[in-house]
Amino acid sequence: LLLQLEDLWQRQLARRDLELELVIAPDLPPVLSDPSRLETMLGGLMDRFGRSLPAGSRVRLSLQPAGPRLKLQLSGEAARELFHRLGGRLTERGGSSLTVFFPLA
């Protein structure tokens, strides 16, 4: 899903003079989440990040295994309720990054 959305996000962020760095570990299993809701939530979150960052900034989004879950990490403010509705668990550290753990299918 993230790879499918990468071009759209690149264009969206470029309009605000921002860059996207997408780092995805190879061979990841699917997560237990509704793909359409996940796409909507991630798109809204990416838009929110873009609006809050100064021009020339970079948005880094990474996805990697974390035990029995997948860890999605990016910079910006938390969206705890959105991730909770999608079955994810959110951990905030220092206010400058966002980490979400999604259960595996």
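Any read-out appearing in this document is the output of simple, stated calculations on the displayed coordinates, not a laboratory observation. In this text the structure is predicted, and so the values were computed from the model without any measurement. No Cβ is skipped: glycine too gets one built from the backbone with ideal geometry, and neighbour counts run over all protein chains shown.
Where the only charges are on Cβ atoms (+1 Lys, Arg; -1 Asp, Glu), what is the dipole of region 15-77 about its Cα centre, to the nearest 20 debye?
Values: 9 positive and 8 negative charges, 31 e Å.
Charge dipole, region 15-77, about its Cα centre: 140 debye, nearest 20.
Fully extended, how many nm does the chain gain between Asp34 and Gln12 (0.36 nm per residue separation, minus their Cα-Cα distance)?
5.6 nm
Under the 0.36 nm per residue contour assumption, what length would be gained going from the current alpha-carbon distance of Glu21 and Ala66 to full extension?
Here the answer is 14.2 nm.
Whole-Hz Karplus ³J(HN,Hα) for region 45-60, in order, using 6.51 cos²θ - 1.76 cosθ + 1.60 and θ = phi - 60°, x for Gly and Pro?
5, 5, 4, 4, 4, x, 6, 8, 9, x, 3, x, 7, 10, 9, 10
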